[in-house]
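So the structure is just underneath, and the comments pick up after that.
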Amino acid sequence: MEMRIEHAGGAVATTCREKKRKKLSHRLAKPAEAALYALLITGVLLFEPFGLSWRVVRWALVIHVAAAVLFVPPLLIPFWATHRGLVRTTSKAFHRWSGRALEIMLALILLTGAYLLFIGWNETTTGGVAHWTHLLLSLPLILLVAAHAWRYSLFKFLLLGSVIAAVLSATISPAIDAPLPHAVESRSLLLEAGGKTLLAANFDGGSVSRIDRATGKRLAETVLGGDIQSVTVDPDDSLVAATDYVGNKVSFLASDTLALKKQIAIQGRPAGIVYDHRNRLFWVAATEGNRLYGIAPDGTVKVDMEVAESPRGLALMPDGRLLVSHAFIGAVSIYDTTHLPLKRTKFIKLASSQNPVQTVSQGLPRVLDRIAVSPDGKQAWLPHELWNFDHPFQFQSTVFPAISVLSLKPGDEHEAVSRRKELFKQINIIEDGNRTRIVSNPADVAFSDDGSKAYVTMAGSEDLVVFDLSRALPIDSTSRKAATTDGAKAVEIFRHLPGENPRGIIVSGKDIYVQNAMGLDLSKLSTGGDSAFARVSVVKAHFAKLVAKDPLPPAMRRGERLFDLGNTSIFPKAPMTGDNWMSCSSCHVDGFNFSNRALFRDTPVNEFHTAFTGHGSLEHLVAGDFIGDYIRMVRNTQGGMGFDTRFPTPQTDPDHPSPEVRKMMEDLHAYVTSPGNLPLLATWLRGKDAGASVDPKAWTSSAVCASCHSDIFKQWSNSMHHFMGQSDPYYVVLEDLAAKTEGEPFRAWCMGCHAPQALLSGKTKTDQPSQMLDKNGTALVADLRNYVSTVDEGTGCLFCHTVTKIEDSGGTSAGNASINVSPGERPLYPGETSDVAALRSFAARLIRSHPDEHATSLMHHIKDNPKLCAGCHEEFAPGPGAYISDTYKEWADSSFNAPGDPAKNRTCADCHMHARVSEIGKPVPGRSTDGGPLEPNVVTHQFVGAQYHLVGLRDPAARAETIALLKTSAKLSIRADGEDKVTVRVRNTGAGHRLPTGASDFRQLWLDVTVTDAAGKTVLSSGKLDAAGHLDPHARIFRKVLGDKDAHAVGLEFWRFGKMLEDTRIPADGYRDETYNLPPDTVYPVKVEAKLLFRTFPQWITDLVQKRYPELTSPKPVEMTALTQALPAPTEAK
């Protein structure tokens, strides 16, 4: 009995415990299920294919981790502990096996989640298995949970709600109307269907406006920001689309209200845009990116294709031909849009011309943009300029206006060369003094309704030119004269239009509407009728105000107006040009940007005659005295400020300008240094929003990176990319000299590459304490104990790894630090930049658990991209444009630049960041991340190059690698060369650039040659150093010697380079022979000992630097290669 009672008591106790577990299980069921859904949702948000913004992902990651920590131990584990007993005892087979499966899946998910949190993915195999197991089990787990507990599940209610929402959100696609019967052109001003309203893309007014044609009232305006270049209409979807040239986006607006509906990021400066009804696509030309995009009305990019350089203007013909103008190569492409993918059917290169008389209209067709198609569709007019840069700048012979004409006969499209409209030919209106009326900067063309006249806006001289087509042979004429006819001629030049910088134009009936880009308004004019003798007249000078508020500060707006101004009458006492010829923007199109590359490329240079490609008359390279040098440019290049002596204009003295002129130049300066131009003036470096600065707190110390990349940090910390500012004594001395000779602001040119983080953080001078002997980043690590933000010397991790853009400012690629960097805009993990070490440690855990965003965001523009190196290893004098260093071009022109042949291709990183110099060309496995995967080829950050001396003071291993690289560069050979002559050949066998390169006016590379005769007597000795370290003045040196414009050696002032005096460098794949004369009594055979020696700086420069830095040791020469060879007597040799 006692046993039965005891047994019953135990059973009762067991039953009570089971009831409590069951009750707790039911109580925790829904919260546990909700917790699983929360974990699933936040986990799915981290899944990269969804492409969610980092603002969403970063907090989803934090919430996911926090939810796992908060919900799993106190909720999910207790729930399962109480519930698994019910699973084992249930009579339902499905619940039994699904419960066991859930138990296994939960265990795996918990274990892999803990691994990712505490160890990290790190892109290892184990981490990858953990990541994908954690991810791929999540969705089936949720579905199995829902099925397992369907009776009580929250999932069925969520599913029902989703179905209802999907039904309610369904829409019906709009009907497609018939194709439009006329060409659709990319324009900044267009007349909307119905003819009652005008749409305007307001350039850097940053908005799109709708104007009542009859009254000039602004009916709507949507502010988008940026530079709105073109606008088009999609009647199928009731959309207006506009391109933002500087903001790199396309905006879709509701056609009725102009309300913003969507913005699509389009890289590469989108300019022209047209709507294609047949394909239901917007075609967009990205000028800098060399791409053509097709964007669907829902914002999806359906077509993304590379096209010929600098596509800008577009015109879509009714038959599906898409015309694309190419701004800086003077060409037009034609694509067939009737079938996708697009096929280019024609490439028309516009004719170039040259004439020995420089003042005759001639040159390269450049600055193409708008394409105007005649109403009958038979011809297209393209306004542009002719660049004639094959001689020193002279305002009457450098830039000419032109309008090229294309015949659009299907299948036989071509340029009608003789019909091109040029000064002194088809544009030859004679004014008082028997002079041709000069016009400049043609911008846009509009035809009259019947096509009998064409009206062209001249944005520089601010005129309107009228051409009469009714008197010309038709474009499709078969007459024998058709091939040589001049075509339509100018019958009127309306001088001057009432607006500022007239560009866009619409002609409808007798009405002419001209869009003034700087005035941000419309002018209304009258054609004067249809007769051949009709004359244009102004109806209302300021017919419509396009914007409610100009977004630019007044000084910047006035400055941009001056930059674009070729109208001599505006400032009669100090005009910006002579006789309306040109403006700054005639060459510097849209300011200072990638178009600079075209200026270099189209200016032929013989450096031994002159190295200048730009302004050669500057006194202080602009930065030192921008007012005086701006005036010199205006006078000597553009003929302004009294330089054109044919007119009674007062002379402006650059050194003593009037207060009015000084104010003009200050306004011009406000525009030149505006964001997106040259905000730091002397350098092309740009920071946040393409401006002059970066928040100093955005520079996370590179020592933070050491927590995961310790080897790379150590390599970088001892390298010249780190210590090339205040810790490079040679640099500091030269920067101070530059400031002394050119003015303090000129330091920015130097600091743009040597101290970019300091410059962008507000420093104007490199005067911080030197850390020349600091090893392994000790000082940075010490600073990290107090501050996470540090303005690293030189280029820290975040400088290169947060580059947002590399601009082609130079002749081949980037140059003068033409890099945009914005460390503050990178995606941050919560706590990553905290001064509190514990929060940084938490952030490190987040990064390791989900590293994709971190890794991807820090590799933009950097991986396998030698253009980043070009940013600072291409260097030209600001203003004159003389190329001082062109290492990137030397490589680009060499056999090492062979992207199509991996066996031969060697980029900058392949040699200068290779893990082992002795194995260049072979992959070297290694780990870039501590605990990370073994990568097949890891790059180092020692940046080995020529500077073995300063690097060696901190890192003997880096010195050894640098010397090893130098030793791979060249080989010697020796031969007898006639009687009593010895020739040593130095062949460049390993460098993908000249030997030496870079600062090759300072580097010393020379031959040390000793010849002894049969008796052991030294008969020749060349290239020796004296006791003080100075080189034999007669040594055979491989170098360049820079002179100024008057051929005087510039010495240390290399920025004054104007003419090459000597260049004995050895090109990549090339060689140089040096021949030595032996005494006539030489006794043969002779022994020739030749050494190729290198030193980073000559002793005279080191002596100068040591006066300021006495602790600096002198660099010892490095023997790059050597050869000893016996030569028999010349007769024996024969």
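The values are calculated or read from the model by the stated rules, or taken from the named source; none is laboratory data. The shown structure was predicted, so the numbers you read here are calculated from the model rather than taken from an experiment. Note that we place each Cβ from the backbone using ideal geometry, even for glycine, and neighbour counts take in every protein chain shown.
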Quick one: would you say Val781 is of a type in the set (Val, Ile, Thr), surrounded by fewer than 18 Cβ atoms within 10 Å (Cβ to Cβ) and touching a residue at least 12 places away in the same chain (Cβ under 8 Å)? yes
Would you confirm whether any residue within segment 512-524 is in a loop (DSSP other than H, G, I, E, B), among the basic types (Lys, Arg) and either under 37 Å from the mean Cα position of the chain (by Cα) or not assigned by TED's automatic domain parsing to the domain that holds Lys663 (or both)? no
Criterion first (of a type in the set (A, V, I, L, M), in contact with a helix residue (DSSP H, G or I) (Cβ under 9 Å, 6 or more places away or on another chain), assigned by TED's automatic domain parsing to the domain that holds Ile109 and at pLDDT 75 or above) does Val69 satisfy it? yes
Which residues, taken from segment 404-413, are assigned to a strand (DSSP E or B) and free of Cβ contacts under 8 Å to residues at least 60 places away in the same chain? Ser404
Which one of these is surrounded by 16 or more Cβ atoms within 10 Å (Cβ to Cβ), out of contact with any Asp or Glu (no Cβ under 6 Å at 6 or more places or on another chain), under 24 Å from Lys981 (Cα atoms) and modelled with pLDDT under 95: Ala1133, Ala1129, Ala1090? Ala1129
Quick check: anything in segment 999-1016 aliphatic (A, V, I, L, M) and within 28 Å of Ser617 (Cα to Cα)? yes
Between a residue in segment 640-651 that is in contact (Cβ under 8 Å) with a residue 12 or more places away in the chain and assigned by TED's automatic domain parsing to the domain that holds Met582 and any residue that is β-branched (Val, Ile, Thr) and assigned to a loop (DSSP other than H, G, I, E, B), which pairs come within a Cβ distance under 6 Å, given they are 6 or more apart or on different chains? Gly640/Thr577; Met641/Thr652; Gly642/Thr649; Gly642/Thr652
Return a yes/no flag: does segment 843-851 have any residue that is surrounded by fewer than 16 Cβ atoms within 10 Å (Cβ to Cβ) and at pLDDT below 90. no
Quick one: count up the residues across segment 629-661 that are surrounded by fewer than 19 Cβ atoms within 10 Å (Cβ to Cβ), assigned to a helix (DSSP H, G or I) and either polar (S, T, N, Q) or under 33 Å from the mean Cα position of the chain (by Cα) (or both). 0
Filter segment 358-403 for residues that are in contact (Cβ under 8 Å) with a residue 60 or more places away in the chain and among the small types (Gly, Ala, Ser) and give the result. Ser361, Ala372, Ser374, Gly377, Ala380
Give, as residue ranges, the strands (runs of 3 or more DSSP E) completely inside segment 1023-1085 that count at least 1 residues that are exposed (fewer than 15 other Cβ atoms within 10 Å of the Cβ), among the polar types (S, T, N, Q) and touching a residue at least 60 places away in the same chain (Cβ under 8 Å). 1071-1077
Any chance Thr485 is assigned by TED's automatic domain parsing to the domain that holds Ser397, among the β-branched types (Val, Ile, Thr), farther than 22 Å from Ser440 by Cβ and in contact with a Leu (Cβ under 6 Å, 6 or more places away or on another chain): yes
Is it the case that Ile329 is buried (at least 17 other Cβ atoms within 10 Å of the Cβ) and touching a helix residue (DSSP H, G or I) at 6+ places or on another chain (Cβ under 9 Å)? yes
Can you spot a residue in segment 122-131 that is at positive phi, at pLDDT 80 or above and not charged (D, E, K, R)? no
When you look at Met724, is it in contact (Cβ under 8 Å) with a residue 40 or more places away in the chain and crowded, with 21+ Cβ neighbours inside 10 Å, yes or no? yes
Search segment 346-387 for residues being part of a loop (DSSP other than H, G, I, E, B) and within 28 Å of the chain's Cα centre (by Cα), and hand back the single one that is farthest from Leu323 (Cα to Cα). Val367
Collect the residues in segment 746-778 that are assigned to a helix (DSSP H, G or I) and surrounded by fewer than 17 Cβ atoms within 10 Å (Cβ to Cβ), keeping them in residue-number order. Thr778
Somewhere in segment 728-736, is a residue among the charged types (D, E, K, R), in contact (Cβ under 8 Å) with a residue 24 or more places away in the chain, part of a helix (DSSP H, G or I) and over 21 Å from Tyr829 (Cβ atoms)? yes
All-but-one check, Asp1008 against (1) of a type outside the set (Val, Ile, Thr); (2) surrounded by fewer than 19 Cβ atoms within 10 Å (Cβ to Cβ); (3) not in a loop (DSSP other than H, G, I, E, B), failing number (2)
Among the numbered criteria (1) of a type outside the set (Ser, Thr, Tyr); (2) over 16 Å from Ser138 (Cα atoms); (3) at pLDDT 70 or above, which single criterion is violated by Val44? (2)
Tell me, which strands (runs of 3 or more DSSP E) wholly within segment 235-326 include 2 or more residues that are among the aromatic types (Phe, Trp, Tyr) and under 24 Å from Ala193 (Cβ atoms)? 281-286
